[in-house]
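Note sheet for the following structure.
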Amino acid sequence: MTSAPRNDWTIAEVTALYELPFNDLLFQAQGVHRKFFDPHEVQISTLLSIKTGACPEDCSYCPQSVRFDTNVDEEPLLDCRVVIENAKAAKAKGATRFCMGAAYRSPKPKQVRQIAEMIKAVNDLGMETCATLGMLTPEAATELKEAGLDYYNHNLDSSESFYKKIITTRTFQHRLDTLKNVRDVGMKICCGGIIGMGEEDQDRIELLHTLATMPEHPGSVPINQLVAVEGTPLEGVAKVDGIDFVRTIAVARILMPATHVRLSAGRTEMSDETQAMCFFAGANSIFYGEKLLTTENPDADKDLALMKRLGLRPEAATKHQRLEEQRQSA
Ligand code: SAM
Ligand code: DTB
Ligand code: SF4
């Protein structure tokens, strides 16, 4: 029998999982994965940066902060037509979810209105929609929900104590407040973090514990490997150990068994074998398409080839999408 997801994990339990011998951890994670998901399916999301660079925040990992001298071309909020063209292209290549990212601390009401139009248009294509726009007020969350936004991405990035070391312009509590505003309007949450910023195992354990003890587990948990971008304060940080990265994915899978765990940024620097191990550990979602927000992602053809070698296939269209396709063919 499949036991229901738990929200009462203790730090001691999360630590015990994180410290399991690797093969025991992977065996357990794969067992949990098979109870909740088809182990051959991968959910496919495509990202588009709808407003790029010139962000007032000082997140040490981010090439889009105005405070760091990086090679990012600033771009104001895109025209709705450009967004629709990109969404159509992503759908044609096999993506089922379209994620729109904007380098804001918090979007202004006029920007929320413009983005709500984009969300409606992408919904009309029959794709799932996700947006990541920074902090949201309850009013902004309501407007996005009413436009039909399926997921809001807002990452906790790390433990509360490590958070203070990488970002000074907002607090961990600010992040939790926005997540509450999103949850309160009934929108699904996409929330995860970054591995490889110089954090300790304890920080990863605390991040996973916070995610797994939310009132409801996030629908999606992106686990990013830091993309160390030249010009950011984290450009020279030591690369994370691949085994530890896989370990983090496996613990996320066991703690949040019904959640899509996304193998997110950093895949261009991962071997096919490390990625294969992440899928075995329970990752069942990827960002797909040549670009993340400002940095590179593997070529779609390369990903399709890897999926074929591993016997993986894109997750079947969601109910939302099937309904839309029926509507369009009627
Ligand atoms: N400005 C909004 C915010 O910060 O909430 C949304 C966009 S922001 C780029 C989305 C997420 O991308 C961040 O929370 C972080 O987890 C991830 N991210 C940004 N730069 C990254 C990098 N260099 N490597 C890995 N992940 C990164
Ligand atoms: C997430 O967790 N990772 C994505 C998405 N959510 C918005 C962003 C990764 C950004 C990597 C750096 C860049 O391309 O600018
Ligand atoms: Fe701005 Fe988001 Fe980048 Fe932080 S992560 S600097 S808030 S775009």
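According to the Kirkwood relation over distinct C-alpha pairs, the hydrodynamic radius of region 182-263 is 13.5 Å.
Output the pairs from Lys93/Lys180; Lys108/Lys165; Lys110/Lys164; Lys108/Lys188 with a Cα-Cα distance over 25 Å in this structure; if there are none, say none. Pairs exceeding the cut-off: Lys93/Lys180; Lys108/Lys165; Lys110/Lys164. Given their separation in residues at 0.36 nm each and the Cα-Cα distance between them, His40 and Asp201 gain 55.0 nm when the chain is fully extended. The distance between label points at Ala258 and Glu216 comes to 0.9 nm (points 7 Å beyond Cα on the Cα→Cβ vector). In a simple Cβ point-charge model (Lys, Arg +1; Asp, Glu -1; nothing else charged), region 213-289 has a dipole of about 240 debye relative to its Cα centre. Of all lysines in the structure, the ones whose alpha carbon falls short of 20 Å from that of Lys88, not counting any fewer than 8 places away in one chain, are Lys51, Lys120, Lys291, Lys319. Quick one: if the Förster radius is 41 Å, what FRET efficiency do Glu13 and Ala316 give, using the C-beta to C-beta distance and rounding to 0.05? Computed FRET efficiency for Glu13 and Ala316: 0.80. A simple rule links phi to the HN-Hα coupling: the Karplus curve 6.51 cos²θ - 1.76 cosθ + 1.60 with θ = phi - 60°, which for region 42-59 gives 10, 7, 10, 10, 10, 9, 9, 7, 8, 8, 10, x, 6, 7, x, 6, 10, 4 Hz, with x for Gly and Pro. The relative contact order of the chain comes to 25 percent, based on Cα pairs under 8 Å that sit 6 or more residues apart.
Each residue of region 135-151 is assigned a 3J(HN,Hα), and the resulting list reads 5, 10, 7, x, 5, 5, 4, 4, 5, 5, 4, 5, 6, x, 5, 7, 10 Hz, derived from the Karplus form 6.51 cos²θ - 1.76 cosθ + 1.60 (θ = phi - 60°), x at Gly and Pro.
Of all DSSP-defined beta bridges confined to the chain, some 5% are antiparallel rather than parallel. At a probe radius of 1.4 angstrom, the accessible area of region 172-216 per residue rounds to 38 square angstrom. Between Asn23 and Lys308, what is the label-point separation in nm under the 7 Å Cα-to-beta-carbon projection? Using points 7 Å along Cα→Cβ, the separation is 3.3 nm.
For Glu74 and Asp301, a Förster radius of 30 Å and the Cβ-Cβ distance give a FRET efficiency of 0.50, rounded to the nearest 0.05.
Ignoring everything except DSSP H segments at least 4 long, calculate the 222 nm mean residue ellipticity for the chain; use -39,500 (n - 2.57) per segment, divide by total residues, nearest 500. Value at 222 nm, helices only, nearest 500: -13000 deg cm²/dmol. Per residue, the accessible area of region 218-260 comes to 30 Å², computed with a 1.4 Å probe over protein heavy atoms only. The length gained by stretching the chain between Lys120 and Glu85 to full extension, at 0.36 nm per residue less their Cα-Cα distance, is 11.2 nm.
Accessible area, 1.4 Å probe, largest first: how do Tyr152, Tyr104 sort?
Accessible-area ranking of Tyr152, Tyr104, largest first: Tyr104, Tyr152.
The Cα atoms of the chain give a gyration tensor whose axes a ≥ b ≥ c have a/c under 1.5, which makes the shape rounded. With a cut-off of 14 Å on the backbone N, the residues of region 242-258 near the modelled label site 7 Å out from Ala4 along Cα-Cβ are 258. As a fraction of the 1.4 Å probe accessible area of region 50-187, surface on carbon and sulfur atoms comes out at 50 percent.
The values are calculated or read from the model by the stated rules, or taken from the named source; none is laboratory data. Fair warning: this is a prediction, and the values are worked out from it, not measured in the lab. Neighbour counts are summed over all protein chains in view; Cβ atoms, including those assigned to glycine, are modelled from backbone coordinates with ideal geometry. What goes into the accessible areas is simple: the full protein's heavy atoms, side chains included, and nothing from ligands, DNA or RNA. Shrake-Rupley method; radii C 1.70, N 1.55, O 1.52, S 1.80 Å.
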